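The values are calculated or read from the model by the stated rules, or taken from the named source; none is laboratory data. Everything quoted here is computed from the prediction, not taken from an experiment. Cβ coordinates were reconstructed from backbone atoms using ideal geometry, including for glycine residues, and neighbour counts include every protein chain displayed.
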Amino acid sequence: MVIPLKKPALNWISISHLQHFVARGQAAGLSMDEWLHEAGLSADQLKDANRTIPVDVLEMLLGTLTSRYDIPLVGLHMANDIQPGTLGPLGQIAQVCSDFGAVIKMIERFHGLLSNIGELEIVRHPGQIELRWECRAGGPAFKRQAREYVLGSVAVIMRFLMPEQRPLMLRVNFVHARPTDAGHARGYFTFFRVPVHFDQAHNSVVVPSDLLKVRMRHGNAAIRELLEQHAANALRQRQNATDLSEEVRQLIRAMLVDGPPTKEMVALQLGLSGRHLHRQLQQQGTSYRELLEQVRLQLADDNLCQQALSVDVTAQKLGFSSRQAFLRWFRQATGQTPSQYRANAGVASA
């Protein structure tokens, strides 16, 4: 499979989102195993609830889905039957909070367990609370799908937690344009059941302030405390895992000029065994080889396009034994020669 030349894949999502995506696809009669194979994943990998995956994987799967099937508003379709369990610890805690205000505070604290691709902001207006979310990863189509999925999930979970409460929402805002197809535009109102505005400054769900005082049906302070302790530990572990990946990348960059460092060489610098490093990276949903490729691709882009260095110098700096070895790797990784890549980037050949 051709790997596009790009910056390291630092953006990730919880495996629970992919589990939900696959379940939805299977329920619709689609062959999801084939798509998982194309993404380099197996059904067994979906069983690890603590796993994360690069957001590029989900973006590719969604792109394949929408290219083969006519599914407008795919993000809303994905959110339509979402359950609290899909949100992992956040969904569990939400069900035992004392009131909806406590749910909002919990989301502010622990939303980093679900992904690192978005920015959440809670804005308080007179008589209203605005839950803003923006996707910071992927292309335009994926960002629109992610906005639909996140805001749609908020609406569905609110209905689950407070089925008798009215009104739940006052309006929904999206930064993208209104669909030109009238049926698609109406689909937003059908889903949210409140006015939906487009071309807005923020993506958001706006709710009445009084909603924060609504009591939850199954509030339990003792269980909530235990679940929040578990969530806090999981959040620290996830943050530590992200730090480890970046440390590995930094070491690879520093050692690459002398030839590609082995996993054991990098592990030694970190005070770990090669096996322990392998396990730690696997838990984060990545591998040493993937990080090595990411660093090489980033450096290749910088050397060839930003610094306009020659192929020979670039090959040497990236730790290749010869110009030919670098050219073979580059062509396999990008589907292009260095000259073609420079031309596509608008850079003259060195």
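Okay, here's what the table says:
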item	result
In region 81-101, the residues that are within 20 Å of the chain's Cα centre (by Cα) and either among the hydrophobic types (A, V, I, L, M, F, W, C) or buried (at least 16 other Cβ atoms within 10 Å of the Cβ) (or both)	82, 84, 86, 87, 88, 89, 90, 91
Any hit, region 154-162, residues being without any contact (Cβ under 8 Å) to a residue 60 or more places away in the chain and farther than 25 Å from residue 220 by Cβ	no
Test set (1) surrounded by fewer than 20 Cβ atoms within 10 Å (Cβ to Cβ); (2) at pLDDT 75 or above - residue 15 fails condition number	(1)
Given (1) touching a residue at least 24 places away in the same chain (Cβ under 8 Å); (2) touching a helix residue (DSSP H, G or I) at 6+ places or on another chain (Cβ under 6 Å), index of the condition residue 120 fails	(1)
Identity of the residue in region 193-218, without any contact (Cβ under 8 Å) to a residue 60 or more places away in the chain, in a loop (DSSP other than H, G, I, E, B) and not aliphatic (A, V, I, L, M), that ends up farthest from residue 131 (Cα to Cα)	217
Residue in region 126-182 that is nearest to residue 214 (Cα to Cα), counting only those that are crowded, with 17+ Cβ neighbours inside 10 Å and of a type in the set (Lys, Arg)	132
Test: residue 82 is in a helix (DSSP H, G or I), at negative phi and hydrophobic (A, V, I, L, M, F, W, C)	no
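Matching residues to (1) outside any helix (DSSP H, G or I); (2) more than 18 Å from residue 79 (Cβ to Cβ); (3) of a type outside the set (A, V, I, L, M, F, W, C):
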{"residue": "102", "(1), (2), (3)": "no, yes, no"}
{"residue": "112", "(1), (2), (3)": "no, yes, yes"}
{"residue": "149", "(1), (2), (3)": "no, no, yes"}
{"residue": "165", "(1), (2), (3)": "yes, yes, yes"}
{"residue": "178", "(1), (2), (3)": "yes, yes, yes"}
{"residue": "187", "(1), (2), (3)": "no, no, yes"}
{"residue": "191", "(1), (2), (3)": "no, no, no"}
